[in-house]
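Only one structure is covered here, and it is reproduced in the block below.
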Amino acid sequence: MNLVGSFLVNIAVFAALAVGGGLSTAWYMIEAGSRLSTRTLGPWTTWTAAGRPEADPYTRAHTARNALLPLSSTLELTYVATADSSGGRLHSACEYAIVVEDLEIAWWGISAFDGRGGLIQNAADRHGFNSDTVMREPDGRAVITLARDARAGNWLPIGGGSRVTLVLTIQDAAWAAAAMETGAPRPMPEIQRVACR
């Protein structure tokens with residue numbers, strides 16, 4: 001191969017790597033975000049500028065790609081969890097206990113979705129709980145059980161054979177403001193794996 005041919009091959013390889021790297025980086029930033037656009041507390045992740053006019057391009061693209069219509073993050077925070085508190089991927093083959101405490105000051109709601117982002121169909125027609133509908137323990141905590149089969153108490157059916165995504169929405173301006181302060185961790189619900197089949 002002559003010098004010109006070698007040069008053209010190098011240019012083509014460089015261009016392919018640059019375009020591929022740029023596209024994959026952009027996809028990751030839109031899908032998962034970064035420390036600049038998201039905040040993670042335990043297994044829960046939120047987009048810090050969601051619903052704000054000054055949101056960065058990646059947050060806007062994430063919102064558009066997922067067809068979201070968020071309220072301003074100064075009023076409401078939406079957290080997403082795809083793993084339990086010990087880092088294991090949420091799956092409908094397992095049973096989980098979500099322990100909610102120290103959220104009495106705010107309205108909150110938890111819903112479960114399948115791996116494609118749709119509601120999990122079930123005979124009980126039950127898709128989530130919130131601070132008004134959940135039954136509480138004597139100590140004020142709320143324990144929500146995610147399982148295929150019916151359980152006593154706050155049972156949230158998660159179907160079978162699918163990955164699970166949990167969405168936690170908290171509506172309280174003061175709570176949202178405190179949660180956005182760096183170095184001020186907020187109490188978030190634990191997602192404890194109980195057993196797997």
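List the residue pairs whose Cβ atoms are under 8 Å apart, where the first residue sits in the stretch 96-110 and is over 16 Å from Gly153 (Cα atoms) and at pLDDT 90 or above, the second is of a type in the set (S, T, N, Q) and part of a strand (DSSP E or B), and the two are 6 or more positions apart or on different chains.
If the second residue must be of a type in the set (S, T, N, Q) and part of a strand (DSSP E or B), the pairs left are Trp108/Asn130; Trp108/Thr169; Trp108/Gln171; Gly109/Asn130; Gly109/Thr169.
Restricting attention to the stretch 39-92, and to residues there that are of a type in the set (D, E, K, R), within 24 Å of Leu156 (Cα to Cα) and buried (at least 16 other Cβ atoms within 10 Å of the Cβ), which single residue is modelled with the highest pLDDT? Can you show your working first?
So the first thing to find is which residues in the stretch 39-92 are of a type in the set (D, E, K, R), and the list is 39, 52, 54, 56, 60, 65, 76, 84, 89.
Right, trim to within 24 Å of Leu156 (Cα to Cα) and you get 76, 84, 89.
Now narrow it down to the ones that are buried (at least 16 other Cβ atoms within 10 Å of the Cβ): 76, 84.
Numbers: Glu76: 83, Asp84: 95.
Per the criteria, the residue is Asp84.
Taking interchain pairs and intrachain pairs at least six residues apart, which have beta carbon atoms under 6 angstrom, with the first residue in the stretch 115-142 and over 17 Å from Ile158 (Cα atoms) and the second open to solvent by 80 Å² or more (accessible area, probe 1.4 Å) and of a type outside the set (Gly, Ala, Ser)?
Every condition considered, the pairs that remain are Ser131/Trp107; Arg141/Glu101; Ala142/Arg136.
Would you tally the residues in the stretch 52-85 being closer than 20 Å to Ser111 by Cα, assigned to a loop (DSSP other than H, G, I, E, B) and in contact with a strand residue (DSSP E or B) (Cβ under 9 Å, 6 or more places away or on another chain)?
8
The values are calculated or read from the model by the stated rules, or taken from the named source; none is laboratory data. Small disclaimer: the values here were computed from a predicted structure and weren't measured. Every residue, glycine as well, gets a Cβ built from its backbone with ideal geometry; the counts of neighbours run over all protein chains shown. Keep in mind that these areas ignore ligands, DNA and RNA; they rest on the heavy atoms of the full protein, side chains included. Shrake-Rupley method; radii C 1.70, N 1.55, O 1.52, S 1.80 Å.
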